[in-house]
Amino acid sequence: MNPLGLTAIILSSPALADDLLQDAGSWLQIVGEGSLRGVDPSLEKGRIWLEGQSRFDDNWNHWYQGMVRAALGYSLSDRATIWAGYTWLPTQNVGKEYVSQQDVWPAFRYVLPTDFGTLTFRTMVESNFLKGDDVRFRPRQMIRFMHPLEFEPRLSLITWDEFFIRANSTRFGGKSGFDQNRAFAGLGWTFNKNFRAEGGYLNQYLDDATHTDNTMHHLIMGSLYINF
């Protein structure tokens, strides 16, 4: 679904709009990805993915979340890659206790070049370890589009949407069903084959544990991608 269309549906629903909490903040991230051939030439199809994020909310007054992600992958082809990874997500929401969430997950990514730009599809199935043995299973699907501009090919229009579902009900992870949606629109600048920077607007719409109250974060997102 078009990200703007999804936002319009959310805001036009009286049941949601009445209980919708909104605020502003920012997400900053750095992502590194490369081949393992530098370790051993026989590992040319092996991949490594390293990522870190820092997140602010409450109108930029509060750091509430960090994220560290690491994964190993295997290139099935020049377009398809499978991954197995780990994520640590320390979280300190306003008025709530500190949570140190840990995730393990498989993922599949497919890159599809077209005449109009590049489409990327990424599917992840997270096992969220929230507290003790209370494990939430959360599939998430991202569709991303990058379109280089004709007058300056290093500059690209970028948009993506990612949808999360809670597959099961858990004590600390909430009831099963819709979890959140993230929709991004912005620009990217490719410095060279190894470095690309992106910046833009991210709309994060979150459902609470009982599907009664909702939060919409209006975020400025900045990213640096490093290929090696």
* Using only Cα atoms, tell me the angle between helix 3-12 and the longest principal axis of the chain; keep it within 0 to 90° and round to the nearest 10. => 0
* Asked: Where in the range 174-222 are there chymotrypsin sites (Phe, Trp or Tyr not before Pro) that are in a DSSP coil and have at most 15 other Cβ atoms within 10 angstrom of their Cβ?
  -> PHE191
* **Rounded to whole Hz, the Karplus (6.51, -1.76, 1.60) HN-Hα couplings of the range 219-227, x for glycine and proline** => 10, 8, 10, x, 9, 10, 10, 10, 10
* **Normalised per residue, the volume of the convex hull around the Cα set of the range 23-65 (Å³)** => 63
* Counting DSSP beta bridges with both partners in the chain, what percentage is antiparallel, nearest 5? -> 90
* Averaging sequence separations of C-alpha pairs under 8 Å and six or more residues apart, then dividing by the length of the chain, give the relative contact order as a whole percent. => 17
* Rounded to a whole number of µm²/s, how large is the Stokes-Einstein D of the range 154-198 at 37 °C and 0.692 mPa s, given Rh as the Kirkwood radius over C-alpha pairs? -> 250
* Using every pair of alpha-carbon atoms in the range 20-145, split the distances into 5 Å bins beginning at 0 and state the percent of pairs per bin, rounded to integers. => 2, 9, 14, 18, 18, 16, 11, 7, 3, 1, 0
* Quote the Stokes-Einstein diffusion coefficient, in whole µm² s⁻¹, for the chain, based on the Kirkwood radius over alpha carbon pairs, a temperature of 20 °C and a viscosity of 1.002 mPa s. => 114
* Structure fact -> With all protein chains in place and a 1.4 Å probe, ARG196 shows an accessible area in Å² (nearest 10) of 40
* 5 angstrom amide H check on ASP58, placed H, neighbours 5+ away -> ALA24
* Structure fact -> Here the relative contact order (percent) of the range 122-228, from C-alpha pairs under 8 Å and at least 6 apart, is 19
* Provide, in order from the shortest bin, the percent of all Cα-Cα pairs of the range 129-228 in each 5 Å bin, continuing until the bin that contains the maximum pair distance. => 3, 12, 17, 17, 15, 12, 10, 8, 5, 2, 0
* Structure fact -> Over the range 58-125, the quotient of the Cα radius of gyration and 2.2 N^0.38 Å is 1.53
* Structure fact -> At 37 °C and 0.692 mPa s, the Stokes-Einstein diffusion coefficient in µm²/s for the range 112-162, with hydrodynamic radius from the Kirkwood sum on alpha carbon pairs, is 248
* **Lysine pair number, Cα distance threshold 26 Å (strictly under), the chain, separation 8 or more or different chains** => 4
* Asked: When you take every Cα atom in the range 92-187, what is the radius of gyration, and what is Dmax, the widest Cα pair distance, in Å?
  -> 17.2, 54
* To do: Roll a 1.4 Å probe over the protein heavy atoms and report the accessible area of ASP78 in Å², nearest 10.
  => 150
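The values are calculated or read from the model by the stated rules, or taken from the named source; none is laboratory data. All of these numbers come straight from a predicted model, not from anything done at the bench. Note: ideal-geometry Cβ built from the backbone for every residue, glycine included; neighbour counts use all protein chains shown. These accessible areas exclude ligands, DNA and RNA; they are computed on the full protein's heavy atoms, side chains included. Shrake-Rupley method; radii C 1.70, N 1.55, O 1.52, S 1.80 Å.
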